[in-house]
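Peer 1: Quick one: the structure is below, and I'll ask about it shortly.
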Amino acid sequence: MKKLYYSLLFLLFSSALGYSQSVADIINAVSLDSLSQTVKEFSGEVQTVVGGNTVTISNRNYNNNNLAAQYLFEKFESLEHTTVTYQLMNGDDNRRNVIATQLGTTHPERVYMICAHYDTVNDYCADDNASGVATILEIARLLSGQCKENTIIYALWDEEEIGLIGSKYYAELAESNGESILGVYNIDMIGYDGDDDESFDIDVKKDDTGSQAMSDDIVEVLNTYPFKLNVNIVIPGTEYSDHSSFWNRGYPAVLVGEAWSENDQNPKYHSKDDRFELFNLEYYHELSKLSAAYMATKAGLTGVDNTVTLSNNSLVANQDNATYQWYNCTTGSAIPDATSQTFVPTSNGSYRVEITSGSCVEVSTCYEFATLSLPTFTDLELSVFPNPVHSVLTVERSTNEKAEIILYNVSGKRILNVTSTTQNTQLEMGSLTRGIYFLSVESANKSGMFKIVKD
């Protein structure tokens, strides 16, 4: 008789909090650590990895930013359910917009865009506009695991600093192709709050109902959740950022940024002294959370639950009445026959589940399954017999302490579940098909896992 002892240790990867199902959960999942690290990497404060090589993104000037574009492409490419492409302006490989898309499952034709420019006029330029870029990457990460009613486009523009050229190129093509965009949320500089008054601007086009409606919706989100922010509605708004490219093509758009209307803009703007150290981190975090909340609201999160419940010996997808596929996060490969709601790992590793409900597919975060130095039952404390078993399996314990006894099939499906308060518990297995099963016995302080052969 071979005993297998396992336990679960919860671990979140890529600074991610657990995927969630509500706008409030998305807000809470926005990670300041993740935002800060991305700003530092993208502004050249610290090294990063691009194309498998350790590099420093030392400059993002329009004629020297292919490395920055590749960084962005790879960030999007690593996300679930996200397609990414370079939009080459006039076919020029050195003039790249980076466009990522997460398709809606109910109304893919309903398109909302969040955007920021990634080019600069100097070295570093952390606030202008690594702050906006990092926020968009964070929102894309959080929404990539969610099923959404509507389509979200994440657009990062080249050549903003020399005349909004990247966004103009996109907007002109979109108009000529008859593309519908229900709203364009442009972020430009959201890291600096010199007077600590938590104020920010929403720039709105004068006499434009679409732009005004977007502003109203942002304010509604602001008032619905407990943000530490004060809003200024600026009408008419500035035309000196990428939202105006869409204004000029008839698309609803707004600019979200620092309180320039109060003369509280970053004094190191457009210089190599625009560094991460000037950020008001709480302010930056709050504006990033507001942006995430607005986009999650417009995305229309659907009701598939992609969370997982952990026990000492199994992972259970919380969504009922769906189809499941468990994956090894380390290899990225699907685990053969691991297609039940419950998964019992037979070796240490990192695991996630893909859940399909109707046309909606969602993916959980990764959980690491690792052996811990917790007490396990000894042979004198617990025995299971006979093994192999034909009909009745006996679980014999040295005490009558309350214990949970669960039998799983080889695919991880829960077959039997008994709460025992006696020393001897009998499980009827005569009607079960022949094959391999796993028996979990768990008390308040000890646990054990047995491989059972059913004859």
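Coordinate-derived values only; no laboratory data. Predicted model, so just to flag it, every value in this text is computed and none were measured. Cβ sites come from the backbone with ideal geometry, for glycine too, and all protein chains shown count toward neighbours.
Peer 1: Quick check: residue separation of T330 and F385 times 0.36 nm, minus the Cα distance between them. What number comes out in nm?
Peer 2: Numbers: separation 55, 0.36 × 55 = 19.80 nm, distance 3.57 nm.
So the extension gain works out to 16.2 nm.
Peer 1: Next question, about the same structure. Given the options I415, P267, T297, identify the residue whose Cα lies farthest towards the positive end of the charge dipole of the chain (+1 on Cβ of Lys, Arg; -1 on Cβ of Asp, Glu).
Peer 2: I415
Peer 1: Here is a further query. Just want to confirm a number: the relative contact order over the chain, from Cα pairs under 8 angstrom separated by 6+ residues, in percent.
Peer 2: Numbers: 1062 pairs, mean separation 77.1, N = 455.
Computed over the chain, the figure is 17 percent.
Peer 1: Go ahead and collect, in residue order, the members of the stretch 238-261 whose backbone nitrogen is under 20 Å from a label point 7 Å along the Cα-Cβ direction of H107.
Peer 2: Only 251-254 pass the distance filter.
Peer 1: When the Cα centres of the stretch 107-136 and the stretch 23-94 are compared, how far apart do they sit, in Å?
Peer 2: 10 Å
Peer 1: Follow-up. Within 10 Å, count the other beta carbons around each residue, average over each peptide in 415-426, 138-149, 382-393, and list them highest first.
Peer 2: On the way: 415-426: 13.4, 138-149: 23.4, 382-393: 16.4.
Peptide ranking by packing, descending: 138-149, 382-393, 415-426.
Peer 1: Report the FRET efficiency, 1/(1 + (r/R0)^6), for T85 and I436, where r is their Cβ-Cβ distance and R0 is 45 Å, rounded to 0.05. The partial results should precede the final answer.
Peer 2: On the way: r = 46 Å, r/R0 = 1.02.
Approximately 0.50, to the nearest 0.05.
Peer 1: Apply the Karplus curve 6.51 cos²θ - 1.76 cosθ + 1.60, θ = phi - 60°, to the phi angles in the stretch 254-262 and return the couplings in whole Hz, x for Gly and Pro.
Peer 2: 9, 10, 10, x, 4, 7, 5, 5, 9
Peer 1: What is the packing order of peptides 113-123, 30-40, 276-286, 186-196, taking the mean over residues of other C-beta atoms within 10 Å and listing the highest first?
Peer 2: On the way: 113-123: 24.4, 30-40: 19.4, 276-286: 17.8, 186-196: 22.3.
Answer by packing, highest mean first, reads 113-123, 186-196, 30-40, 276-286.
Peer 1: Using the alpha-carbon centroid of each, what span in Å lies between the stretch 203-252 and the stretch 268-314?
Peer 2: Using only Cα atoms to place each centre, the spacing works out to 20 Å.
Peer 1: Measure off 7 Å from each Cα along the Cα-to-Cβ vector at T394 and E282, then give the distance between these two points in nanometres to one decimal.
Peer 2: With each label placed 7 Å out from Cα toward Cβ, I get 6.6 nm.
Peer 1: Compute the FRET efficiency between K451 and V49 as 1/(1 + (r/R0)^6), taking r as their Cβ-Cβ distance and R0 = 30 Å, and round to the nearest 0.05.
Peer 2: Numbers: r = 41 Å, r/R0 = 1.36.
After rounding to 0.05, the efficiency reads 0.15.
Peer 1: A further question on this structure: In debye to the nearest 20, how big a dipole does the chain give about its Cα centre with +1 on each Lys and Arg Cβ and -1 on each Asp and Glu Cβ? Provide the component values of the computation, followed by the final result.
Peer 2: Numbers: 29 positive and 60 negative charges, 540 e Å.
Value, rounded to 20: 2600 debye.
Peer 1: Based on Cα coordinates alone, diagonalise the gyration tensor for the chain, multiply each eigenvalue by 5, take square roots, and list the semi-axes in whole Å, largest first. Show your work: numbers first, answer last.
Peer 2: Working: eigenvalues 533, 91, 82 Å².
Values for the chain, descending: 52, 21, 20 Å.
Peer 1: Where the Cα atoms of the stretch 382-454 are projected onto their three principal axes, how long is each span, largest first, in whole Å?
Peer 2: 31, 21, 15
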